[in-house]
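Nothing in this text is a laboratory measurement; each read-out follows from the coordinates by a stated rule. Quick caveat, the model's predicted, so the values are computed rather than measured. Here the Cβ positions follow ideal geometry from the backbone for every residue, glycine too, while neighbour counts run over all protein chains shown.
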Amino acid sequence: MSNSEGRRTSSESVLQVLWLLHRQPDVGVSDVAAALGVGQSTAHRLLSALVNEQMAVQTRQRRYQISPGYLRQFGGRVSVEHQADTIHSALELLAELTGETTHLMVLKYNNIQCLDSVESKQDLRVSSRKGNIWPAHRTASGRLLLRALSAEAFERAYPDGPPEDSGFGRDQLAEFRQSILQWREDYAFTLGGGETGITGIAMAIKDDRGRPMAAMAVNGPSVRIGRPQVTGIATTMRGVIDDLEARLRAS
């Protein structure tokens, strides 16, 4: 095989890996090796080349994702999953500053899902909720992200009308949405609404266009976090999220 053929084959392999990274939240060396039909050493070399060119990044789990900067360069929307490591470090800082458990939450249709958690070190604490899903209207994070939906998107999320436990009838979707919109602060909180005995405080993480992409939540026992403590925790969250958003824009 000539040098030009070798370079072409290598370039084609790199493009195949990029396509794989675009289609999946993250990939491992073995995933690339299987997809391309090459050895793991070759797969590792291809991934390392993409990292060196700032087209891919390696995660804490030693897997690989498309680089957020590369996505933005070509007009792609950067997902929460593509920035998980940066957001995790902010969750760790917020847990340290508040002494409570922190969560990364995303809206899925009319539900809210926890993608990541950092547990408090206190004996009495809220445990990790990673992977859990709740009706969005029952949690601070869910209400916060529902509030960011347009009227049309809100209707698509609730095609059969308000949830049965919302207190609104099937023909009262507008009133249900108004109950979500009535809180005007840049955070939302529930005092035992999502889970009995637990206070939740949530604030949106916004993308580089100012659109909410996820929410960061602080959860702790209601005996420790009452209404008087909510404002102070929200102020701390604002500082952590402002710094996080600046780092996400720079990544």
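Here are some notes:
- For Ala136, the shell of other residues with beta-carbons less than 9 Å away shows a net charge of +3, using +1 for Lys and Arg and -1 for Asp and Glu.
- Within straight-line reach of Lys206, meaning a Cα separation under 18 Å, sit the following lysines at least 8 residues removed in sequence or on another chain: Lys108.
- The length gained by stretching the chain between Glu152 and Asp186 to full extension, at 0.36 nm per residue less their Cα-Cα distance, is 10.0 nm.
- Global geometry of the chain, whether rounded, prolate or oblate, following the gyration tensor of its Cα atoms and the 1.5 cut on a/c: prolate
- Degrees, to the nearest 10: 227-250 long Cα axis against longest axis of the chain: 20 degrees
- The C-alpha atoms of the chain define a longest principal axis, and helix 40-52 lies at about 70 degrees to it.
- Between the Cα long axis of helix 3-23 and the first principal axis of the chain there is an angle of about 10°, rounded to the nearest 10.
- Working from Cα pairs under 8 Å separated by at least six residues, relative contact order for the chain is 15 percent.
- Amide H contacts under 5 Å for Lys206: Met213, restricted to partners 5 or more places along the chain or on a different chain, H placed in the peptide plane at 1.01 Å from N.
- Inter-label distance, nm, simple model (7 Å from Cα along the C-beta direction), Gln178/Lys108: 3.3 nm
- Highest-fluctuation residue, Gln83, Gln65, Gln40 considered, GNM on the chain with Cα pairs under 10 Å: Gln40
- GNM top mover of Ile112, Ile201, Ile225 - the chain, alpha-carbon springs below 10 Å: Ile225
- In order through the stretch 176-185: 3J(HN,Hα) via Karplus (6.51 cos²θ - 1.76 cosθ + 1.60), integer Hz, x for Gly, Pro: 4, 4, 4, 5, 6, 7, 5, 7, 9, 5
- Straight-distance crosslink candidates among lysines, where the alpha carbon sits under 19 Å from Lys121 and sequence neighbours closer than 8 are dropped: Lys130
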